[in-house]
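The values are calculated or read from the model by the stated rules, or taken from the named source; none is laboratory data. Predicted model, so just to flag it, every value in this text is computed and none were measured. Quick reminder, even Gly has a Cβ in these numbers, built from the backbone with ideal geometry, and neighbours come from all protein chains shown.
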Amino acid sequence: MPTSIMDQISLPGDLKKVPEEKLPEVAAELRRIMIETVARTGGHLGSSLGTVEITVALHRIFDTPRDKIVWDVGHQAYAHKILTGRREAFEKSLRQAGGLSGFPKRGESPYDAFGTGHASTSISAAMGMAVARDLKGEDYHVVAVIGDGALTGGEAFEGLNNAGLAKTNLIVILNDNRMSIDRNVGAMARYLNRIRSHPYYSRAKTDLERAMTGVLGRRITANVGHIKNRLKYLLVHGVIFEELGFTYLGPVDGHNLSAVMDVLREAKEMKGRPVFVHFVTKKGKGYAPAEDNPGTYHNPGLFDPDTGERRKNNGPASYTSVFGKTLVKLAAEDPRVVGITAAMPEGTGLNYLEEAFPARYFDVGIAEQHAVTFAAGLATAGIRPVCAIYSTFLQRAFDQVYHDVCLQNLHVVFAIDRAGVVGDDGPTHHGLYDLSYLRPLPNMVIMAPKDENELQHMLKTALAGINGPVAVRYPRGAGLGVALDQDLQVMPVGKAEILKKGEDAAILAVGAMVAPAMEAAGRLAEDGLRVAVANARFVKPLDEELILNLATGTGRLLCVEENSVLGGFGSAVLELLAAKGLLDKVQVRLLGFPNEMVEHGPPAWLRSNYGLNADGIVAAVRSLAARSGAAD
């Protein structure tokens, strides 16, 4: 006997059988399932709570998976997962190792039309699907669902521009909740607010069309479109989406199921022109803690579903907070220092700078390319910009880093948070490639601290000791709990440090891998293997003298990095040894992530699986020593 209406629904076909008056009950049950699950597993809660009615209406009105729904980013797709045959997996394994992904994933379900995780991609992908449909002479609908935060990204406008010109059948749904992760900024946010403030625009335009048709007839009405345009400009100061070639429908209350379904039915029937449907929603809808604190409950971690109280972290300070507070300290000493974020002030720690020096804090929206070139422009005038961007998102601005910063040798500091594995967000968010894609760039200096205290000194060095592009990459989460120096020093550029001496082998470790390398060396010493450990500090330029001394002195090198082994720190060491003609004299092993997609899971579990912990390093050194004939 079913205990709730959701027990009757496994797939969208089941949803279509539910009486329409029962759909609000479906929405309420979806919210309950999401809140109870995310409280246990963690995940992106607020966005998905805000799109429940839109999701129910989409699967009610459209014939999925034949009709394609492309979710931008995927933060808002939890109800979609539950309604498409994945409720049990959602409740048991969301974002758990080997379990359900927190983002849409093509290999997971035929209902996930396009894999996502980064913002602003949905319109371009949906446009590709729509054109492919037309080329093949097929007949189905393609819908892109994008948030107003993602709409600030340049690729979204590129997609709109192309779709408006092509005039193919495509539906773009804007989920407008005034938020991305934090509150939206920029001209587009202000523009959408103007539309929201005139909710009678669409009704007035429709009433005008009907009245003109009744009085003047259809043929005359067709010639007075400029009157509608004047009304449009009078009410909302210009609907940019119609000017781009879309039929604009909205704004519509995204939590009124009847209204949402009505406008989707209307959009579904329109042919020969793309349609832009504007829904206004509330992030965190239906759960008071998330409604009151939408930024916090975007990804709240574990919490009590009854009270909303979040599980407290009483461990060491995070790398992010140490970075943010250190930047404030350095900004107080140097008025040229500014901070730039791409819509993630709290995620990057720049909220501390915003509070201390609001005039020197810049949030450019989800626009990493603009953030980097904006920083380059600032640098030409003697300002010292710190561009704080997650490793996975800096990938989106690779050409700007190369063309606008490195080629001109401009002093821009890249604070690269979330370097290495990030855990439950998985392959779309792991920061496993920054060393590989930054290392080849001319003029770039790359640093990685062994702990949060060294991060402070590296940030000081990046701002005061280097005159050119510089990147400091550091991991997600808590530091090691070391004491923090108050007097920050400029470090010698390109110099590593020996932390432990040894003659049998040497471990060259980068950043977060230094601590497990030291633990491994201690354990190996108990077995009679004397292993040196070096904290590389600099991935570029290398400390060539130190590395060559260790190579010739021990004959065995293990390079350990939380990065892809292709093109990373270990590759740089191999290039150095090759240039010096030492490859046939030194045994070298690279320990990092292989050339494969690393799935989601707890960071410690992922590192263990790939041998990037003390156990893995011990095993690698023993293998290296045995292969080269050292005593075991």
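Observations on the structure shown:
- Any helices (runs of 4 or more DSSP H) falling wholly within segment 1-97 and containing at least 2 residues that are hydrophobic (A, V, I, L, M, F, W, C) and under 25 Å from A259 (Cα atoms): 23-41, 52-61
- Being in the same structural domain as P19 (by TED's automatic domain parsing) and modelled with pLDDT of 90 or more holds for only one residue in G272, G245, G250, and it is G245.
- Residues in segment 597-632 that are closer than 21 Å to V510 by Cβ, modelled with pLDDT under 95 and acidic (D, E): none.
- Taken together, L459, L463, L499 contain a single residue that is among the aliphatic types (A, V, I, L, M), over 27 Å from I383 (Cβ atoms) and surrounded by 15 or more Cβ atoms within 10 Å (Cβ to Cβ), which is L499.
- Test: residue in segment 70-80 that is in contact (Cβ under 8 Å) with a residue 60 or more places away in the chain, more than 18 Å from the chain's Cα centre (by Cα) and on the phi < 0 side of the Ramachandran plot: no
- Residue check, L546 at pLDDT 95 or above, closer than 17 Å to L435 by Cβ and not assigned by TED's automatic domain parsing to the domain that holds L100: no
- Note on segment 487-547: enclosed strands (runs of 3 or more DSSP E) holding 3 or more residues that are touching a helix residue (DSSP H, G or I) at 6+ places or on another chain (Cβ under 9 Å) and without any contact (Cβ under 8 Å) to a residue 40 or more places away in the chain are 531-535.
- Selection count, segment 548-564, where residues are in contact with a strand residue (DSSP E or B) (Cβ under 6 Å, 6 or more places away or on another chain) and part of a helix (DSSP H, G or I): 3
- Residue in segment 304-326 that is β-branched (V, I, T) and closer than 22 Å to V145 by Cα present: no
- Residues in segment 306-342 that are under 21 Å from G481 (Cβ atoms), free of Cβ contacts under 8 Å to residues at least 60 places away in the same chain, surrounded by fewer than 16 Cβ atoms within 10 Å (Cβ to Cβ) and polar (S, T, N, Q): N314 alone.
- Close pairs from segment 394-406: first assigned by TED's automatic domain parsing to the domain that holds L378, partner part of a helix (DSSP H, G or I) and of a type in the set (D, E, K, R), Cβ under 7 Å, at least 6 apart: L394/E368; L394/D434; R396/E368; A397/E368
- Restricted to segment 235-317, the set of helices (runs of 4 or more DSSP H) holding at least 2 residues that are within 24 Å of L45 (Cα to Cα) comprises 257-269, 288-292.
- Residue in segment 167-188 that is part of a helix (DSSP H, G or I) and either modelled with pLDDT under 90 or more than 28 Å from the chain's Cα centre (by Cα) (or both) present: yes
- Total residues in segment 240-272, condition over 20 Å from E21 (Cα atoms), loosely packed, with under 15 Cβ neighbours inside 10 Å and in contact (Cβ under 8 Å) with a residue 40 or more places away in the chain: 3
- Here is the figure for segment 104-130: residues that are out of contact with any Leu (no Cβ under 7 Å at 6 or more places or on another chain), closer than 22 Å to R265 by Cα and not in a loop (DSSP other than H, G, I, E, B) total 2.
- Of all residues in segment 104-121, at least one satisfies being aromatic (F, W, Y), over 24 Å from E29 (Cα atoms) and either surrounded by fewer than 24 Cβ atoms within 10 Å (Cβ to Cβ) or in contact with a Gly (Cβ under 8 Å, 6 or more places away or on another chain) (or both).
- Put simply, of Y474, Y402 the only residue that is surrounded by 21 or more Cβ atoms within 10 Å (Cβ to Cβ) and hydroxyl-bearing (S, T, Y) is Y474.
- Residues in segment 405-421 that are more than 18 Å from V338 (Cα to Cα) and surrounded by fewer than 24 Cβ atoms within 10 Å (Cβ to Cβ): C406, L407, Q408, N409.
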